[in-house]
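Just below is one structure, and these are the notes that go with it.
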Amino acid sequence: LTLLWIGLFAFATYTSKITKDIIAFNYATEVEFKPSNDEIGELSKNFEIMRVKIRHLITKDPLTHTYNRRYLIHVFELAVLKAQRLEEKLACIMMDIDNFKMVNDTYGHQCGDLVLVELGKILNEITRGYETAARYGGEEFVVLLPDTDEETAFSIAERIRKTMKEAVCQCDGKKVQ
């Protein structure tokens, strides 16, 4: 019983740090649990599965798989503070899809969703691990570029624009560009 109590105390102490990180949107903390076939081992494994699912649910847009607005605002605030403190550059690209209403009106909202999914895929492919691509709302997206100057940000924005312009979505047998 004493060993079980010590094990539960150690688990609760470690979990407390992880819980605080989750509340602070910090998912960088790696969680390592020693494999065991007892109840604590099973709880630990299930906790990590839930943590990963929660992370995805509260940070990602379910349609585009880019980050969501809530997460973007959190990361943006931290990036501004860091850029100010370290006197680094910080760039932000805001974009929306031209004539998106026309796509929805002409081809339907399912087709509009396919266009959004395609843009999300492009943003996730073009951005690097320390950059944040997020759906701001509707057909509006933001890419946060830490330690990036204006010229580089413009180059990235232009690459996104060209890639999206060349992209073609298939909607009910019709090609939508």
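Key figures for this structure:
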{"read-out": "Cα-based shape type of the range 82-147, given that a ≥ b ≥ c are square roots of the gyration tensor eigenvalues and the cut on a/c is 1.5", "value": "prolate"}
{"read-out": "Distant-in-sequence amide H partners of ALA167 (H built 1.01 Å from N, under 5 Å)", "value": "none"}
{"read-out": "Per-q log10 I(q)/I(0), the range 40-177, q = 0.11, 0.19, 0.22 Å⁻¹ (Debye; single scatterer per alpha-carbon; no solvent)", "value": "-0.49, -1.09, -1.29"}
{"read-out": "About the Cα centre, charge dipole magnitude for the range 79-170 (Lys/Arg +1, Asp/Glu -1 at Cβ), debye", "value": "160 debye"}
{"read-out": "Cα gyration tensor category, rounded, prolate or oblate, for the range 109-151 with a/c compared to 1.5", "value": "prolate"}
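Every number in this text was worked out from the coordinates using simple rules, so none of it is lab data. Bear in mind that the values here come from a model prediction, so they are computed numbers and not experimental data. All Cβ positions, glycine included, derive from the backbone under ideal geometry; neighbour counts span all protein chains shown.
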